Amino acid sequence: MAYLQLQGISKFFHGVRALNQVSVEIERGEIHVLIGENGAGKSTLMKIVAGLYQQDEGTILLDGQEVRFGGPLDAIQHHISMIHQELMPIPYLTVAENIFLGREPLNKAGLLDKKKLIAQAEELFQMIGIDIDPRTEMRRLSVAQIQLVEIAKAVSFNSQVLIMDEPTSAISDKEIEKLYKLIFKLKADGVAIVFISHKLDEIFRVADKITVLRDGDFIGTKPASELDKDTLISMMIGRDLTNIYYKEPVPIGEPVLEVRNLTKAGLFEDISFTLHQNEILGIAGLMGAGRTELVETIFGMRSADSGQILIKGKEVSIKCPTDAQKNGLALIPEDRKKLGLDLKDSTGFNISLCDLNEFNRCGMIDKKTEAARVDDMIREMNVKVTSRKSPVVSLSGGNQQKVVLAKWLMTAPDILIMDEPTRGIDIGAKTEIYKLITKLAQQGKSVIMVSSELPEVIGMSDRVLVLCAGHLTGELTGEQINQQDIMRCATNQVASVH
Ligand SMILES: Nc1ncnc2c1ncn2[C@@H]1O[C@H](COP(=O)(O)OP(=O)(O)OP(=O)(O)O)[C@@H](O)[C@H]1O
Ligand SMILES: [Mg+2]
């Protein structure tokens, strides 16, 4: 008998069904991956298990006993912990205080025993092999470190079920390895692990079993060894996806952006390149190579020490993002959560937020045109939302990301810079984004795409720049755009000059 059994779980939000009679069994000592498109119901199902939501139908059995949790604390007391898609640590408390919040050791006088608190945290970290000082304030930690602390917290509650909602979507490859190591250790200790992810490579690396959800329906559970990527994708989206990258060759136009000898001490040095009309320029490199810093500098979010930026042949001074926007640039940043989505407001309002000028006729907003364009965008990007009037807060994590992308795509800039455009986004929606990028290039726009996903860089780019430790180590075109050459430049082992 499986340790955790979900039987016929259904959940409705305002009458709309988010989960439809879903049954899943999770064993001890297994890593069970939950996969499905944005809005499929993954987070909702696991929030029910973790006591944040209650199911409308169905039962949960834990070690053979029926359970029903009144709240998250209730679930934790039953040794079930969930690490959320949106991490919410208390920023000004220390790591140790965060872990033992509400159960801090007290001294004889009934006051907080700080020494003991630190010692407890140190002991815990040593046991599971985490190298973080428990005295550090949470706000000083990286996303990956916060994940590790959250796992440590789960261990401290002796969690037998650990749920991780897209834990690797925002952390570097090196940190991902640390996370895997810890997860494999917990698995060996007999913990049942539920792992939600959109990254297919990762899924096949960690999963013992895989469960697929689609639009709130249970599609199936299979051992990972019996599945391959193509089968998994068709289970997820209900059809075969033959061509993920919609790249259509477009004749490349005149130079629109020239970057000359751009330097920012400690971040990147002497970067020069040209971007043309109709061109999709990929920027590849390992985490920490300086890619994000470079595009942020071009966009005026950081100031360069030296170098020039020319737009259509004329030197421009870009001191802040507003200057950049006036010059026809837009940047969709890597960390889209920070990007001021107005969560309580409607999806439509958020999408049209940056673009009010478009509809400004005689000082009035043309509501009809605006609504039609927003609806087009929602359809094109396949945002799963009941109507443009639904608040963004009710959307799934990936669909919120799509709203941010849509908001910037609506501004139709001449030069669109996208930093990790498909992070956290399911494979079906990725294709839609690639289609949009291709469409923009066909319309005469130019795109810079920073990406850590090599298949995406290879599938979409006309030309690829590779950065390594702040230096431009490669500029690849045509046949040179392949995994081997990109990786060689990214690690700066350029054996032969192309
Ligand atoms: N609090 C809420 N209020 C209203 N609707 C909600 C709420 N939470 C989730 N939903 C809806 O339930 C459905 C499932 O959402 P869920 O967050 O479980 O998706 P997901 O599979 O985790 O997607 P993603 O990969 O994008 O994170 C979506 O249609 C979403 O809009
Ligand atoms: Mg989710």
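Data table
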quantity: Tally of residues being closer than 23 Å to residue 35 by Cα and either of a type in the set (Asp, Glu) or at pLDDT below 85 (or both) across the range 370-381; calculated: 2
quantity: Long-range neighbours under 7 Å by Cβ, at least six apart or interchain, first residue farther than 13 Å from residue 236 by Cβ and of a type outside the set (A, V, I, L, M, F, W, C) within the range 202-219, second away from ligand 1 (no atom under 14 Å from the Cβ) and in a loop (DSSP other than H, G, I, E, B); calculated: 208/30; 209/30
quantity: Identity of the residue in the range 382-428, within 22 Å of residue 443 (Cβ to Cβ) and at pLDDT below 80, that ends up farthest from ligand 2 (Cβ to nearest atom); calculated: 412
quantity: Condition met for residue 45 (within 11 Å of ligand 2 (Cβ to nearest atom), within 22 Å of residue 202 (Cβ to Cβ), over 18 Å from the mean Cα position of the chain (by Cα) and of a type outside the set (S, T, N, Q)); calculated: yes
quantity: Unmet criterion (only one of (1) more than 26 Å from residue 11 (Cβ to Cβ); (2) in contact with a Pro (Cβ under 8 Å, 6 or more places away or on another chain)) for residue 228; calculated: (2)
quantity: Options 476, 409: the member that is within 30 Å of residue 251 (Cβ to Cβ), free of Cβ contacts under 8 Å to residues at least 24 places away in the same chain, crowded, with 19+ Cβ neighbours inside 10 Å and touching a helix residue (DSSP H, G or I) at 6+ places or on another chain (Cβ under 8 Å); calculated: 476
quantity: Candidates 193, 210, filtered to the one that is in a strand (DSSP E or B) and within 16 Å of ligand 1 (Cβ to nearest atom); calculated: 210
quantity: Those residues of the range 171-220 which are among the basic types (Lys, Arg) and more than 16 Å from ligand 2 (Cβ to nearest atom), in sequence order; calculated: 174, 178, 181, 185, 187, 205, 209
quantity: Some residue of the range 48-57 being of a type in the set (Ser, Thr, Tyr) and within 9 Å of ligand 1 (Cβ to nearest atom); calculated: yes
quantity: Yes/no for residue 15 being near ligand 1 (Cβ under 7 Å from one of its atoms) and either surrounded by fewer than 17 Cβ atoms within 10 Å (Cβ to Cβ) or not hydrophobic (A, V, I, L, M, F, W, C) (or both); calculated: no
quantity: All positions within the range 393-405 that are more than 10 Å from ligand 1 (Cβ to nearest atom) and either of a type in the set (S, T, N, Q) or surrounded by fewer than 22 Cβ atoms within 10 Å (Cβ to Cβ) (or both); calculated: 404
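Conditions (1) modelled with pLDDT of 95 or more; (2) assigned by TED's automatic domain parsing to the domain that holds residue 393; (3) within 16 Å of ligand 1 (Cβ to nearest atom), marked per residue:
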{"residue": "23", "(1), (2), (3)": "yes, no, no"}
{"residue": "33", "(1), (2), (3)": "yes, no, yes"}
{"residue": "42", "(1), (2), (3)": "yes, no, yes"}
{"residue": "81", "(1), (2), (3)": "no, no, no"}
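The values are calculated or read from the model by the stated rules, or taken from the named source; none is laboratory data. All values reported here derive from a predicted model rather than from experimental measurement. When we count neighbours, we look across all protein chains shown, and the Cβ atoms used for this are built from the backbone with ideal geometry, even at glycine.
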